1. Got at least one residue in the stretch 101-116 being within 16 Å of the ligand (Cβ to nearest atom) and within 20 Å of the chain's Cα centre (by Cα)?
2. Being within 14 Å of Ala242 (Cα to Cα) and within 16 Å of the ligand (Cβ to nearest atom) is the filter; apply it to the stretch 336-352 and report the residue that is farthest from the chain's Cα centre (by Cα).
3. In the stretch 360-379, what residues are under 20 Å from the mean Cα position of the chain (by Cα) and either in a helix (DSSP H, G or I) or buried (at least 22 other Cβ atoms within 10 Å of the Cβ) (or both)?
4. Residue by residue through the stretch 501-525, note down the ones that are loosely packed, with under 13 Cβ neighbours inside 10 Å and outside any helix (DSSP H, G or I).
5. Can you tell me which residue within the stretch 408-466, out of those that are in contact with a Ser or Thr (Cβ under 6 Å, 6 or more places away or on another chain) and of a type in the set (A, V, I, L, M), is farthest from His130 (Cα to Cα)?
6. For the stretch 12-38, give me each residue that is surrounded by fewer than 22 Cβ atoms within 10 Å (Cβ to Cβ) and either within 18 Å of Leu535 (Cα to Cα) or among the acidic types (Asp, Glu) (or both).
7. With a cut-off of at least 1 residues that are in the same structural domain as Asp119 (by TED's automatic domain parsing) and over 22 Å from Ala214 (Cβ atoms), name the helices (runs of 4 or more DSSP H) lying wholly within the stretch 229-300.
8. In the stretch 136-145, how many residues are more than 12 Å from the ligand (Cβ to nearest atom) and buried (at least 24 other Cβ atoms within 10 Å of the Cβ)?
Amino acid sequence: MNDLKRSLSEAAAAAFQAAGLSPDFGRVTASDRPDLADFQCNGALAAAKSAKRNPREIAVQVVEQLKADPRLASVEIAGVGFINMRVSPAALAARADEIAADERAGASLLADPRRVLVDYAGPNVAKPMHVGHLRASIIGESIKRLYRFRGDQVVGDAHFGDWGFQMGLLITAVMDEDAFIAALMDKLPDAPRDFSDADAAKVRAEFAGRVTLADLDRLYPAAAARAKEDAEYRDRARKATADLQNGRFGYRLLWRHFVEVSRVALEREFHALGVDFDLWKGESDADPLIAPMVRQLEDKGLLVEDQGARIVRVARPGETKKKKKLPDGSVIEVESPDPLLVVSSEGSAMYGTTDLATILDRRQSFDPHLILYCVDQRQADHFEQVFRAAYLAGYAQPGGLEHIGFGTMNGADGKPFKTRAGGVLKLHDLIEMAREKARERLREAGLGSELSPEAFEETAHKVGVAALKFADLQNFRGTSYVFDLDRFTSFEGKTGPYLLYQTVRIKSILRKAAEQGAQGGPVIVAEQAERDLTLLLDAFEGALSEAYDKKAPNFVAEHAYKLAQGFSKFYAACPILGADDPAVRASRLTLAQTALKQLELALDLLGVETPERM
Ligand code: ARG
């Protein structure tokens, strides 16, 4: 099943070919003058240039061909050679019927599905999530859903940050604070062999009673701040990190405990945000692969010694050098991009090392054609290094790794959003803030008064989350935007709550229709508003394929918004149950049902849930 834009493009391509020109000129787009036409093709102008002919002459030839197309009510030349097309009411009605009968609401499936892994959210043990993680979660979830909906086999992985220096910091902080645990660490044997599972469980129970999530939340920021000032402390934390990575048994047990405590809390928060992962793997899962990988990189001649560290050079010959200032004030030229640091001079694996090894892990387990890393744009250099190293080592096919970067969510000061106290935002608090504002907004609008207290809460939650998600996803991901909860939660304008409200409104119209026993029927396209709505329904496929190709959910968000608006206009102009003619009533009911189905699908792809009532 093809959307009109695509099938008209095919017809235009054939017409260009018949005129002895490349079919590529036959690209049809939605008209930018909807008052004059539904679709347009500007190919005659480009064709004229390349064939050194008169554009109008070419347009005349193409139009002659297209006129035979029964779907077109009119084909006209405008200006120097633009071709304007209007679709016949019958062809529009047939397309609307097709979309109405289709459970995918007119969206096609990929001919060539792939295995795609989406790496997103990337929360860290104990470190509070910042706005970058929020955006990564929202955008990544949407891309995962979009890819899956189009037919790819998709796995979403949280890629939990459970292995870096912050783990050593926490171990150090806990041991400093809790003499019992410190003593226990000294007592624990180093060889897990002489330690039964029951013994391990006992130790873990001990930790559970002594180290809670609140402790981690409190200890981490203090430890991170201290490590910045205090070199001796930093060295101890580094040593603890290395010991943990080298397998010190007591540290591993303690670390397991940190990971579990954090994970439970994070999963709860993500769930509240409507973000769910298929895989909850961590950086630590790549650890067993690191040693063999380092050997392999060495064998391939990719690993180079550099001031005690081991690196992979990723800059290509002749690539831009960048200037670097040395501590003594002199300036030297260094290669750009920077090399990938694989093993630090202290012998530790770095962030890039785990990312490289994770590619190997993913290849073994899922063998993805494509890995999408939905991570803050500020990590672009990191990914450039990792990807280049992976291609050099043959760990992925060129193009098989892609960084889906995004801008920041800023505060009114234009800097990445912080809480009033200047701290990083906690997802939990953000959701609660949005929910509170949603409650207020609902009451203000006189909504939800007929709901039970529980249903009201659930609706407020959905409205709050929709506000956050839609505010994020309506922008192209690369764009930064300003956090403005008042605007995000408004029931007017381009907002999540507006979309939910429109959706609930259609649901209520359809409930009323069902109570009256009204039934849908074949679509009739007579009024302008019926035409417009049908064209919007037809444009779903185009919006999805653009969002897919550009890895940019804003095209889906834009479609959802236009559709909600289009329905609203349609409903104002075309009474449904009030229509006199039963055939018209049935047709409009079908249009309403179809609009709802498509709107809910689009919102679902954005990760937005709709309530039944408001
Ligand atoms: N945990 C990282 C951070 O907070 C993000 C992880 C992104 N994914 C990746 N494969 N590196 O910055």
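1. Scanning the stretch 101-116 turns up at least one residue that is within 16 Å of the ligand (Cβ to nearest atom) and within 20 Å of the chain's Cα centre (by Cα).
2. Ala349
3. Residues satisfying the conditions are Arg362, Pro368, Ile371, Leu372, Tyr373, Cys374, Val375, Gln377, Arg378, Gln379.
4. Passing the criteria: Gln516, Gly517, Gln519.
5. So, considering only residues that are in contact with a Ser or Thr (Cβ under 6 Å, 6 or more places away or on another chain) and of a type in the set (A, V, I, L, M), the one farthest from His130 (Cα to Cα) is Ala438.
6. Matches in the stretch 12-38: Asp24, Arg27, Thr29, Ala30, Ser31, Asp32, Arg33, Pro34, Asp35, Leu36, Ala37.
7. Per the criteria, 287-299.
8. 6
The values are calculated or read from the model by the stated rules, or taken from the named source; none is laboratory data. Since we're looking at a predicted model, the values are computed, not measured. Note: ideal-geometry Cβ built from the backbone for every residue, glycine included; neighbour counts use all protein chains shown.
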